[in-house]
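Written below as structure tokens is the structure these notes are about.
The values are calculated or read from the model by the stated rules, or taken from the named source; none is laboratory data. The shown structure was predicted, so the numbers you read here are calculated from the model rather than taken from an experiment. Positions of Cβ are backbone-derived with ideal geometry, glycine not excepted, and every protein chain shown enters the neighbour counts. All accessible areas refer to the heavy atoms of the entire protein, side chains included, with ligands and DNA or RNA removed. Shrake-Rupley method; radii C 1.70, N 1.55, O 1.52, S 1.80 Å.
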Amino acid sequence: MPLLKRIPPGLGPGLVWFLAAIVPIVDYVVLPQPHTHSYSYPRDGLDSFAAKALLFLAFAVVLAGFAMLRRRTLVAYGLVVAGTVVLSLTWRWDEIPPLQLIGVDLALGYVASVVPRRGSLGAAAGTFGVLAAYLVLREFFGDDSGTAAE
């Protein structure tokens with residue numbers, strides 16, 4: 001069997017999602033910061049038990065979703081989107097950062113390529129629904145964030 005056929009379809013998107021999630025943790029929480037800080041990634045953002053539990057839940061749900069992408073494609077994609085939302089709750093973001101959406105977009109591309117049209121359109125509609133919910137919450141709370149400028 002050719003090498004590309006032996007690689008699980010969730011490996012690439014899963015690595016992209018994982019790197020996009022782990023880099024800010026290492027950059028803003030683990031490494032010592034000279035005199036800079038980030039409002040999106042506060043140094044004490046993961047200090048509480050609830051934040052650590054949500055972070056663990058987000059990683060577990062997303063990695064499980066990417067692991068089962070070939071067998072239960074739509075369920076796996078739902079797990080990826082749900083885990084991405086949980087990650088945004090961990091940091092108390094009111095948006096999903098664009099880098100985090102790259103892994104979700106790659107998984108949606110896989111869904112569109114292997115699932116019949118009705119199922120893939122439903123997955124895309126669900127993703128747009130999640131993004132629209134962030135926009136509605138932004139308007140509801142009157143904040144000028146909620147969806148990334150990108």
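Quick notes on this one:
- Per-region count, the stretch 6-46, residues closer than 30 Å to residue 71 by Cα, open to solvent by 70 Å² or more (accessible area, probe 1.4 Å) and either within 15 Å of the chain's Cα centre (by Cα) or at pLDDT below 70 (or both): 5
- Taken as a whole, the structure leaves residue 136 outside the set of residues that are touching a residue at least 40 places away in the same chain (Cβ under 8 Å), open to solvent by 70 Å² or more (accessible area, probe 1.4 Å) and farther than 29 Å from residue 26 by Cα.
- Enumeration of residues in the stretch 85-100 that are in a helix (DSSP H, G or I) and either polar (S, T, N, Q) or under 14 Å from residue 22 (Cα atoms) (or both): 87, 88, 90, 99, 100
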